[in-house]
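Read the structure below first, then the notes.
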Amino acid sequence: MIREYEEKDLQKKSIDELTHLFMDIINKQNLVLIEGIEDLINENHEQFEKKLNYVIETTTEVQVKKVFESKIFKSKLMFSKSDRLKLFNKINDIKNIGEFMANRMLVYRIIFPDKEFKLHVSSILASLKLISNNLAIAVNFIGTDLYKAHEICEEIKEGRRKMRKLEFQLIQRLYHYDMDYLSRTFLYLKDMVEDIMMLADHIKNFAEYIQFLTIKYLLFK
Amino acid sequence: MTDGVDQIIIIVLIILAIALAFSIGANDETLSALVGTGALKFKIALIIGGAAIGGGMILTSGGFVAKTVGSDILGQGLVYTTSMLLTVLISSILWLIVGSFAGIPLSSTHALIGSVVGVIITYAIFQGGVDPQTAFNWDKLGNVILSWFISPILGLLITYILFKILAKSYLTRLKGLNQIERSENYFKWILVLAVVFAEIWVGANSGEALGILYGLLDNGSIELEQYYLFAIFCGIFAFLGIYIAARYVIKNLASQMTDSRPSEGLIIQISSAIILMIATLLSVPISHSHVIVFCIIGINLAQKKEIDTKSLGRMAIYWVLTFPIAAVLAGLLYFGLMSIGFI
């Protein structure tokens, strides 16, 4: 789904271009994860497993990461390189959370309790997709327009706020089903919702970090 | 005092003056701004900075600050005796050592001038060699003391204005991190020139070592050729001070400054260099560290950043106290030497 890169092509790229590429790759993987969960909702288990396994197994981003790390340590831009590295690591954390989620979700084949629950999860996933895409756009704007990046991060934070409301409603719904609260289904669904929250929280924290960079680097008129 | 003892004191004074030049280099942290940006390799930065401070010291040794400390500050017809110079040096070194152990940042310039004042007053009162009212060139002394208050404030104002101009005309127009990085990369190279310029004037304004030697020249203890030879030694030892001893301080400070932007460092260095240049050309010895601290405050004020007023207040008290304490210490020391018949 995501093309492999030649190392010599990567070496030609600047630190900023490598960051964009890395963000795009991770965002695509994130979208594959979200689509996988949507497949689970639609009970297309084959696609669900295929997509989540892809998230776990794909290593395209590792090449980019290696080249980035070798370049950043040689970089002479002392005043910004620690922030560039932190930015990159925060993108990498999205991958780690996605991989963790995928592994947890593949342990058991779940049957959703009802249509309402499915619709509710779908709506949260749509929001997650939106803030994930927005984050990728914000990261791409860091190099060229920090004002714009700041604005997009505000939208991400707003999106996350709305998601939180939906997530608590979903948890509430889950706790009110007539089911054994030690059952695999209950635990699985609870973990799934919490994992989605964890990913969304990371995206929100990332957006706040971008806003911190904006304040740090921009001299406001 | 016999001639033999006097000769020994002269040799000791020359050695101490050269050691003082070494300590001026060893305590200089101007290069940390440059090393922090990674513009030059560490050793190359030390060599360039050392050469600049040494060069500045040698090139201005013919007069300026050295002449003020070593001669002009005193009243008409009055010259230092070797024992006065020895007392001045011992007293200022003692006070600086006490300050270092107590963790108090002190100015060696203030300590030295304070010691001169203490010794000369004691000499005038207890040895009666001169009328206390004519013991000093009051205009010169007044200008020196006044410059200690004016120079930091001027440093703050120049930094503030320069930064505002740069920010308004250029820095606020930068929108993206790539653009900021590119422009800071250019500033980094201008900073190299600014630091070299600043180091030259740091060397030129460090009148402590050359002031002592000028005092010896003024009282006829050494010849003019010998003075210049020792001034060259001072320059070389200031270079060695940076290269051998200052590297640890510079490395340490530079590692804390990696986050600071070269454009800010550039403004600070240019401002402090301008102040030091003006003070040197006016033959007034000022404290480089005081100017730098106020330049940093200037840049923080220009960016509406918070100022640690508590630390600043504490520092200001030590700055003000250095002069009178050094004067009292030197006076007591001179009186003590007089009482035991050494003088």
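Remarks
- So A:K216, is it within 14 Å of chain B (Cβ to nearest Cβ) and either closer than 22 Å to A:S123 by Cβ or open to solvent by 60 Å² or more (accessible area, probe 1.4 Å) (or both): yes
- Tally, over the stretch A:121-175, of residues that are within 14 Å of chain B (Cβ to nearest Cβ) and of a type in the set (D, E, K, R): 3
- Selection within the stretch B:310-343: residues that are within 21 Å of B:S289 (Cβ to Cβ) and aromatic (F, W, Y). The member of this set that is most open to solvent (accessible area, probe 1.4 Å) is B:Y318.
- Pairs with Cβ under 7 Å, 6+ apart, first in the stretch B:48-72 and in contact (Cβ under 8 Å) with a residue 12 or more places away in the chain, second basic (K, R) and open to solvent by 10 Å² or more (accessible area, probe 1.4 Å): B:T68/B:K140; B:D72/B:K140
- Among residues of the stretch B:282-295 being of a type in the set (V, I, T) and open to solvent by 10 Å² or more (accessible area, probe 1.4 Å), the one that is farthest from B:E181 (Cα to Cα) is B:V284.
- Put simply, of B:I44, B:I53 the only residue that is part of a helix (DSSP H, G or I), hydrophobic (A, V, I, L, M, F, W, C) and open to solvent by 10 Å² or more (accessible area, probe 1.4 Å) is B:I44.
- Pairs meeting the criteria (first residue in the stretch B:107-128 and outside any helix (DSSP H, G or I), second residue among the β-branched types (V, I, T), beta carbons under 9 Å, at least 6 apart or on different chains) are B:S107/B:I286; B:S107/B:T322.
- Residue that is buried (at least 18 other Cβ atoms within 10 Å of the Cβ) and either in contact with an Asp or Glu (Cβ under 9 Å, 6 or more places away or on another chain) or not in a helix (DSSP H, G or I) (or both), where the choices are B:A238, B:A279: B:A238
- Residue that is farthest from the other protein chains (Cβ to nearest Cβ) [pool: residues in the stretch A:78-93 that are among the aliphatic types (A, V, I, L, M) and without any contact (Cβ under 8 Å) to a residue 60 or more places away in the chain]: A:L85
- Single residue of the stretch A:167-176 satisfying the filter (surrounded by 14 or more Cβ atoms within 10 Å (Cβ to Cβ) and touching a residue at least 24 places away in the same chain (Cβ under 8 Å)) that is farthest from A:F100 (Cα to Cα): A:R173
- Qualifying positions in the stretch B:174-197 - basic (K, R), assigned to a helix (DSSP H, G or I) and either under 14 Å from A:Y147 (Cβ atoms) or more than 9 Å from chain A (Cβ to nearest Cβ) (or both): B:R182
- Residue within the stretch B:24-33 that is within 14 Å of chain A (Cβ to nearest Cβ), more than 28 Å from B:F335 (Cα to Cα) and surrounded by fewer than 20 Cβ atoms within 10 Å (Cβ to Cβ) present: no
- In the stretch A:96-109, the residues that are open to solvent by 10 Å² or more (accessible area, probe 1.4 Å) and assigned to a helix (DSSP H, G or I): A:N96, A:I97, A:E99, A:F100, A:N103, A:R104
- Residue in the stretch B:248-258 that is within 14 Å of another protein chain (Cβ to nearest Cβ), surrounded by fewer than 24 Cβ atoms within 10 Å (Cβ to Cβ), in contact with a Lys or Arg (Cβ under 9 Å, 6 or more places away or on another chain) and not small (G, A, S) present: yes
- Filter result for A:I26 (under 14 Å from the mean Cα position of the chain (by Cα), under 14 Å from A:G98 (Cβ atoms) and surrounded by fewer than 20 Cβ atoms within 10 Å (Cβ to Cβ)): no
- Consider the stretch A:51-65 and keep the residues that are in a helix (DSSP H, G or I) and free of Cβ contacts under 8 Å to residues at least 12 places away in the same chain. The one that is surrounded by the fewest Cβ atoms within 10 Å (Cβ to Cβ) is A:E57.
Yes/no matrix, rows are residues, columns are (1) closer than 30 Å to B:L266 by Cα; (2) open to solvent by 60 Å² or more (accessible area, probe 1.4 Å); (3) outside any helix (DSSP H, G or I):
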position	(1), (2), (3)
A:L31	no, no, no
A:V67	no, no, no
A:K71	yes, no, no
A:F88	yes, no, no
A:I111	no, yes, yes
A:S123	no, no, no
A:A126	no, no, no
A:L130	no, yes, no
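- Residue within the stretch A:188-200 that is open to solvent by less than 20 Å² (accessible area, probe 1.4 Å), β-branched (V, I, T) and in contact with a helix residue (DSSP H, G or I) (Cβ under 9 Å, 6 or more places away or on another chain) present: yes
- Tabulated pairs, the stretch B:162-173, first facing chain A (nearest Cβ under 9 Å), second open to solvent by 20 Å² or more (accessible area, probe 1.4 Å) and of a type in the set (A, V, I, L, M, F, W, C), C-beta under 7 angstrom, 6+ apart or interchain: B:A167/A:L219; B:L171/A:L219; B:T172/A:L219
- Subset of the stretch B:189-221 that is within 12 Å of B:A238 (Cα to Cα) and β-branched (V, I, T) - its residue that is nearest to the chain's Cα centre (by Cα): B:V202
- There is at least one residue in the stretch B:130-138 that is more than 30 Å from A:F79 (Cβ to Cβ), open to solvent by 30 Å² or more (accessible area, probe 1.4 Å), more than 14 Å from every other protein chain (Cβ to nearest Cβ) and of a type in the set (D, E).
- Of all residues making up the stretch B:76-133, the number that are under 18 Å from the mean Cα position of the chain (by Cα) and not aliphatic (A, V, I, L, M): 12
The values are calculated or read from the model by the stated rules, or taken from the named source; none is laboratory data. Keep in mind the model is a prediction, meaning the values are calculated, not measured. So basically every Cβ, Gly included, is an ideal-geometry build from the backbone, and we count neighbours across all protein chains shown. Ligands, DNA and RNA are stripped out before the accessible areas are found, and what is left, the full protein with its side chains, is counted by its heavy atoms. Shrake-Rupley method; radii C 1.70, N 1.55, O 1.52, S 1.80 Å.
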